[in-house]
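Working notes for the structure below.
The values are calculated or read from the model by the stated rules, or taken from the named source; none is laboratory data. Everything numeric here is computed off the predicted structure, so don't read it as measured data. Reconstructed Cβ throughout: ideal geometry from the backbone, glycine too, with neighbour counts over all protein chains shown.
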Amino acid sequence: MLKNKRGFALIEVLVVLLITSILLGVIYMVFNQSVSTFTKEESRVENQQSLRQAALVIEKDIRESDQQEGSLFLEADGCYRFAFHKYCLVGNSLMRDGSALASNVAQFTMSESASLELLIKLESVPDRYQQVVTIETQVTLRGERSEEPV
């Protein structure tokens, strides 16, 4: 009676275990790479969102100002003044009139061209993956300028 019933040989069980292990290893590597990529991109998007929000606030301030009076001035302390607002980079924080506008900012510049355009550039501090985000926005100003651009 036992002759008619066959079971799996030890080698067959070992081959199945080997193939299953290889498949699980590949699945784990793909999953791990996906999680790593997601975390890197999430960090980059957070930096980008913070800088973009700061750039939008500055752009809104410029558009709402009386641009005839509001030329761009670079002050002695390294801060920029446009119309009634003062923008300073203090440490890694971008300040607007003494209030924090964005954090993790490594570089902030504003420059005015002769063609009545104001260029705003923000660069983030490298995140834990050493990714740096740069945001540049250009605002076209109204009216004529009587002073030299900064």
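Numbers for the structure displayed
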{"read-out": "Which numbered condition S115 fails, given (1) without any contact (Cβ under 8 Å) to a residue 12 or more places away in the chain; (2) more than 12 Å from the chain's Cα centre (by Cα); (3) part of a helix (DSSP H, G or I)", "value": "(3)"}
{"read-out": "Residues of the stretch 114-150 classified as within 22 Å of K86 (Cβ to Cβ), of a type in the set (D, E) and either in contact with a helix residue (DSSP H, G or I) (Cβ under 7 Å, 6 or more places away or on another chain) or modelled with pLDDT of 90 or more (or both), total", "value": "2"}
{"read-out": "For L51: the one exception among (1) touching an Asp or Glu at 6+ places or on another chain (Cβ under 7 Å); (2) not in a strand (DSSP E or B)", "value": "(1)"}
{"read-out": "Conditions (1) in contact with a strand residue (DSSP E or B) (Cβ under 8 Å, 6 or more places away or on another chain); (2) hydroxyl-bearing (S, T, Y); (3) touching a residue at least 60 places away in the same chain (Cβ under 8 Å); (4) within 18 Å of D127 (Cα to Cα); number of the one not met by S43", "value": "(1)"}
{"read-out": "Filtered residues of the stretch 54-87 (kept if closer than 20 Å to E123 by Cα, outside any helix (DSSP H, G or I) and of a type in the set (D, E, K, R))", "value": "D77, R81, K86"}
